[in-house]
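Peer 1: Here it is: the structure, laid out below.
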Amino acid sequence: MAVVEQTVLEALKGVIDPNTGRDFVSSKAVKNLTVTDGDVAFDVTLGYPAKSQIPGFRKELIAAAKSVAGVANVSVNIVTNITAHAVQRGVALLPKVKNIVAVASGKGGVGKSTVASNLAVALSQSGLRVGLCDCDLYGPSIAHMFGTDERPYQNDEQQIVPIEKHGLQLMSMGFLLEDASPVIVRGPIATRYTQQFLRQCAWNDLDVLVLDLPPGTGDIQLTIVQTVSLDGAVIVTTPQEVALIDARKAVGMFQKVNVPILGIIENMSYFLCPSDGKVYHIFGKGGGEHEAKRLGVPLLGQIPIEMDVRESGDEGHPIALEDPAKSASSKVFREIAAQLR
Ligand code: ADP
């Protein structure tokens, strides 16, 4: 008996995508189905990253197709294709970048660059093509956190080509500066330099670009949010009131330019003491949660204070690269990335 395409499609409808609640056929994820004698082949295009789930999807889809009488061989090609979001009106898109997320804090030292780096790594681990751009002219730290002193080169179009590390495309003002050179550009020159920097990076087909903004809410930050079209911003804070006061200012800045706040990440939320197993809330408790509620945005995650977070940052190997089963922070970063995808 000849196998007909319709029968195979009906069988595939039995597999539900847990991320959308719909089957892969109705959601139009299944494409290019061909049936030649007993050989079935089709593609599945996912609109979101699901690297860790793909082997399971493949197994279920193959089993469903093979349940049709006469089907002998099944070949499935599963790919992820992220679509670009709607953008801020009147603000330029960056070429070859589908989505841009800013990581901001009102205050320095709350771990914003640590969070930006690890979030970028966690997004990349979920199967996205990710870039990370350190926009802090006065205290760039991404180069250090990724353990690279490589300098980017300029291509024939006079663009600066990002550096590749741990599967990410990285760009930092730090790459363009000599070691320890004090950056003394201020005011309008700093603004122009930042704008030029953002527009001249040669990103290579990114699903998401994470921008590590400088701390605070001054002219430079405002310039950045008005130069590139942001899909959203994530605010990093520690739990105590002094940090939250400044976090509110950062939220206000994004709201003024109509950039959605995707959520709050509370860093240094607690310390799990290895010797007595107790949890200590060194910087207070519940601040991030309270603030997220007040703003009506999600609290995306609470990252503990861990020696490994600091050490791995200093060793150029962000903690999110670690197995989440072995590191509490790595696990939280993966959970945050899953909410943003
Ligand atoms: P910011 O970008 O807000 O100025 P950084 O990301 O540079 O802050 O972090 C400041 C310091 O705190 C760094 O040495 C970093 O390794 C450390 N740090 C940040 N988050 C944590 C954490 N959750 N646990 C331990 N150390 C942390």
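The values are calculated or read from the model by the stated rules, or taken from the named source; none is laboratory data. Remember, it's a predicted structure, so these values are computed and weren't measured experimentally. Cβ: placed from backbone, ideal geometry, glycine included. Neighbour counts: every protein chain shown.
Peer 1: Quickly run through region 105-152 and pick out the residues that are closer than 21 Å to Tyr193 by Cα, within 8 Å of the ligand (Cβ to nearest atom) and in a helix (DSSP H, G or I).
Peer 2: Once the filter is applied, which keeps residues that are closer than 21 Å to Tyr193 by Cα, within 8 Å of the ligand (Cβ to nearest atom) and in a helix (DSSP H, G or I), region 105-152 yields only Ser113.
Peer 1: Going by the structure shown, is Asp308 touching a residue at least 40 places away in the same chain (Cβ under 8 Å), assigned by TED's automatic domain parsing to the domain that holds Thr114, surrounded by fewer than 19 Cβ atoms within 10 Å (Cβ to Cβ) and near the ligand (Cβ under 10 Å from one of its atoms)? Don't jump to the end; show me each part of the working.
Peer 2: Values: touching a residue at least 40 places away in the same chain (Cβ under 8 Å): no; assigned by TED's automatic domain parsing to the domain that holds Thr114: yes; surrounded by fewer than 19 Cβ atoms within 10 Å (Cβ to Cβ): yes; near the ligand (Cβ under 10 Å from one of its atoms): yes.
When the stated conditions are applied, Asp308 does not pass them.
Peer 1: Also: Could you say whether any residue in region 270-284 is crowded, with 17+ Cβ neighbours inside 10 Å, in a strand (DSSP E or B) and in contact (Cβ under 8 Å) with a residue 24 or more places away in the chain?
Peer 2: No, region 270-284 has no match at all.
Peer 1: Of (1) over 29 Å from Asp219 (Cα atoms); (2) away from the ligand (no atom under 14 Å from the Cβ); (3) touching a helix residue (DSSP H, G or I) at 6+ places or on another chain (Cβ under 9 Å), Leu340 satisfies all except one. Which?
Peer 2: All conditions are met except number (1).
Peer 1: Which residue out of Ser26, Ser75, Ser67, Ser52 is among the small types (Gly, Ala, Ser), outside the structural domain of Glu266 (by TED's automatic domain parsing) and either within 22 Å of Gly167 (Cβ to Cβ) or touching a Phe, Trp or Tyr at 6+ places or on another chain (Cβ under 7 Å) (or both)?
Peer 2: Ser52
Peer 1: Residue check: is Glu289 assigned by TED's automatic domain parsing to the domain that holds Leu132, surrounded by fewer than 16 Cβ atoms within 10 Å (Cβ to Cβ) and touching a Leu at 6+ places or on another chain (Cβ under 6 Å)?
Peer 2: Answer is yes for this residue.
Peer 1: Among the residues of region 232-253, write down those that are over 20 Å from Gly286 (Cβ atoms), among the hydrophobic types (A, V, I, L, M, F, W, C) and surrounded by fewer than 24 Cβ atoms within 10 Å (Cβ to Cβ).
Peer 2: Met253
Peer 1: It is to be established whether one or more residues within region 234-241 are part of a loop (DSSP other than H, G, I, E, B) and either modelled with pLDDT of 90 or more or among the hydroxyl-bearing types (Ser, Thr, Tyr) (or both).
Peer 2: Yes, because at least one residue in region 234-241 is part of a loop (DSSP other than H, G, I, E, B) and either modelled with pLDDT of 90 or more or among the hydroxyl-bearing types (Ser, Thr, Tyr) (or both).
Peer 1: Does Gly187 meet the test of being over 25 Å from Gln339 (Cβ atoms) and either at pLDDT 85 or above or within 15 Å of the ligand (Cβ to nearest atom) (or both)? Working first, answer last.
Peer 2: Working: over 25 Å from Gln339 (Cβ atoms): yes; either at pLDDT 85 or above or within 15 Å of the ligand (Cβ to nearest atom) (or both): no.
No; evaluated as a whole, the condition is false for this residue.
Peer 1: Considering (1) touching a residue at least 60 places away in the same chain (Cβ under 8 Å); (2) closer than 29 Å to Asp219 by Cα; (3) not hydroxyl-bearing (Ser, Thr, Tyr), say which one Ala320 fails and leave the rest.
Peer 2: Condition not satisfied by Ala320: (2).
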